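Report on the structure given below.
Taken together, the values in this text are just the output of simple stated rules run on the coordinates, not laboratory data. Bear in mind that the values here come from a model prediction, so they are computed numbers and not experimental data. Please note: Cβ atoms are built from the backbone with ideal geometry, for glycine as well, and neighbour counts cover all protein chains shown.
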Amino acid sequence: MRGRAVVVGAGIAGLAVARGLVAGGWDVQVRERAGAPPGTGASLGMWPHAVTALERLGLGELVRHGTVVAASGELLRPDGRRLARVEPPGAMRLVGRPDLLSALADSLPDGVVRWGVRTSSVAGLPAADVLVAADGIGSVVRREVFGPATAPRGLGTVAVRGTANLPRPDLSETWGEGRMFGLTARVDGRTNVYACFRGTLAAPAEAADPVALLRRVFAGWHEAVRAAIETLDPASLDVRALQDLRPLPRTTRGNAVLVGDAAHAMAPNLGRGACESLVDAVVLADRLNCAPDVATALRAYDRARRRPTARLVRISRLLNRASTAEHLTGLRDGLLAAAGGVLAVGSRQ
Ligand SMILES: Cc1cc2nc3c(=O)[nH]c(=O)nc-3n(C[C@H](O)[C@H](O)[C@H](O)COP(=O)(O)OP(=O)(O)OC[C@H]3O[C@@H](n4cnc5c(N)ncnc54)[C@H](O)[C@@H]3O)c2cc1C
């Protein structure tokens, strides 16, 4: 079918849905509160099924020329000794968030995205056959249509992301007591840094100086961690208390449908949130393009996406806890080391 769609939010999910619907002949309007796509941002891991989704959306050029392959990496102890080797699936790639967002935005005809338009209530939106809520974890559409019980919940951890002015590193994560530190590649040849630690390890005021905070939280850790912290680009730093969403009993109501983090925000530890947003977009656009009516399409989307993403929310939450565990870390590390030295990281959906 074809019709008119209003999409709230021009993040990865909203732009990707718009791309899929425009390709199917829909009349689409995306409403985004920011004035323009972001110019800076971290690397995102793209698992093979997300790479396929990007190709389905016609972004094969970005995959071929705007990403780097994530080769095997290591799980380390704070002193730098190896706990396990990690084998990501063959086609896992890293893409810059701003590159992904601008490739998606550029793939849309002029005028589809209305930048600088904040949605404060569903009642203020233009009439449409389908309303796509792609407004992220704090979705106002979800709160209004699905109720306040769908509010995010805290994970008790804080994440810091940034770019270090160091050449591309080997992929690694270092796990200690209550904290972890990760290094991946960036397309621009520098180093992508992400750290996560229990919220109790930092006072809220410390967020004002993230480098000093990281120096203190990761004091005494191995050389690669210290070098990354000392070369961080201050303008690239992002500090946030992490939250996720309790799995929802439904992702559609009436003609409204949730996609991306608005539907299934998860802890970042599996690196799957943006990947699943792309898959949501492909599945939703496909069902809307092919079904005889909106209700049939939204039911089919909910059937295809709700359970698999709920499972990922749960696993990501567990991994967030395990990687920042404060107790029994000797047992955790012993089990990881006994796993045979190689953790094959699968991408089951
Ligand atoms: C530390 C960290 C690391 C991560 N690493 C990875 C990774 O390696 N791989 C991966 O797949 N995922 C990763 N993720 C997850 C990923 O960032 C998210 O899942 C993804 O950005 C979700 O996209 P989205 O479009 O659904 O939501 P968002 O990115 O939140 O976009 C929502 C958009 O809606 C707009 N908006 C919100 N409210 C309104 C409103 N009222 N009116 C108008 N516009 C509005 C916002 O401005 C924004 O542009 C990571 C997340 C974190 C926090």
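Worth pointing out:
- Neighbour cut-off at most 13 other Cβ (10 Å), DSSP loop, trypsin sites (Lys or Arg not before Pro), segment 46-87: ARG81
- For the options SER277, SER236, SER316, a Gaussian network treatment of the chain with springs between C-alpha atoms closer than 10 Å singles out SER236 as fluctuating the most.
- Considering only GLY124, ALA224, ALA205, and ranking their Cα positions along the charge dipole of the chain that arises from unit charges at the beta-carbon of Lys, Arg, Asp and Glu, the one farthest toward the positive end is GLY124.
- Test item: Cα-centred dipole of the chain, Lys/Arg +1 and Asp/Glu -1 on Cβ, debye: 960
- Largest GNM mean-square fluctuation across LEU284, LEU44, LEU201, computed for the chain with C-alpha springs under 10 Å, falls on LEU201.
- Residue-count net charge about VAL211 - beta-carbon cut-off 15 Å; Lys, Arg +1, Asp, Glu -1: -1
- Cα gyration tensor category, rounded, prolate or oblate, for segment 271-314 with a/c compared to 1.5: oblate
- On Cα atoms only, tilt of 273-290 relative to the major axis of the chain in degrees: 20
- The chain: angle of helix 294-323 to the longest principal axis, Cα-based, in degrees nearest 10: 10
- Under 13 Å from the ASP188 label point (7 Å along Cα→beta-carbon), backbone N, segment 202-240: 232-237
- Positive-end residue of LEU214, GLY189, THR150, charge dipole of segment 134-248 with Cβ unit charges: THR150
- Kirkwood Rh (inverse of mean 1/r, distinct Cα pairs), the chain, angstrom: 20.8
- The C-alpha atoms of the chain define a longest principal axis, and helix 12-23 lies at about 40 degrees to it.
- Here is the list for segment 107-210: chymotrypsin sites (Phe, Trp or Tyr not before Pro) lying in DSSP coil, each with at most 15 other C-beta atoms within 10 angstrom of its C-beta, are TRP115.
- The eigenvalues of the Cα gyration tensor, multiplied by 5 and square-rooted, give segment 234-346 an equivalent ellipsoid with semi-axes of 34, 16, 13 Å from largest to smallest.
- Charges were assigned to the Cβ only: +1 to each Lys and Arg, -1 to each Asp and Glu. The resulting dipole of segment 188-267 about its Cα centre is roughly 420 debye.
- In the chain, Cα pairs under 8 Å separated by at least six residues give a relative contact order of 24 percent.
- Selected from ASP286, ASP110, ASP188 as most flexible by GNM, with the chain as the system and alpha-carbon contacts under 10 Å: ASP110
- Cβ charges +1 (Lys, Arg) and -1 (Asp, Glu), total dipole of segment 192-349, debye: 860
- Local electrostatic count, GLY156, Cβ distance below 12 Å [Lys/Arg +1, Asp/Glu -1]: +2
- The residues neighbouring GLY24, those whose beta-carbon lies less than 13 Å from its own, together hold a net charge of +2 under the Lys/Arg +1, Asp/Glu -1 convention.
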